[in-house]
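Heads up: the structure comes next, in structure tokens.
Where a number appears in this text, it was derived from the coordinates with a stated rule and is not lab data. Because the structure is predicted, anything quoted here is derived from the model rather than measured. Here the Cβ positions follow ideal geometry from the backbone for every residue, glycine too, while neighbour counts run over all protein chains shown.
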Amino acid sequence: MPYNTVSPQTLYQARPELQAELKNIRDHLHYQLSPYMNHTVRVQTMDHQVYEGTIVHIDADHLYLRVPQQYHSPFSGTTTPDRSYAYNNVILPLVLYNLLVITLLS
């Protein structure tokens, strides 16, 4: 399959000062959060989503949060079987520069 020979058109490019500010934010969050590995936190994103979980990893771009998941029966009115092994290690990757508030819970 041949590639398009037309020069690609840039649709968006961050301003250099924005790039620098995002890198500073990312580096600052990484430094601030590293000591709290395996601690429980509440995280609010810029879109006002709120998650509670345990910090399990931080890399250059993401905070990885282990969030508890409850088993829900697909049939209403039926008893929920004991499924404590199911879905209890869900890892949610959150982009560092999209985080608004992080609160230590434990």
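See the values below:
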| read-out | value |
| --- | --- |
| Neighbourhood net charge (14 Å Cβ-Cβ; Lys/Arg +1, Asp/Glu -1) for residue 52 | +2 |
| Stretchable slack from residue 98 to residue 57, in nm (0.36 nm times residue separation minus alpha-carbon distance) | 13.1 nm |
| Stretchable slack from residue 45 to residue 32, in nm (0.36 nm times residue separation minus alpha-carbon distance) | 3.0 nm |
| Karplus-derived 3J(HN,Hα), 6.51/-1.76/1.60, for each residue of the stretch 45-55, Hz, glycine and proline x | 8, 4, 8, 6, 6, 10, 10, 10, x, 10, 5 |
| Under the Karplus curve 6.51 cos²θ - 1.76 cosθ + 1.60, θ = phi - 60°, whole-Hz ³J(HN,Hα) for the stretch 14-19, x wherever Gly or Pro sits | 5, 5, x, 5, 5, 4 |
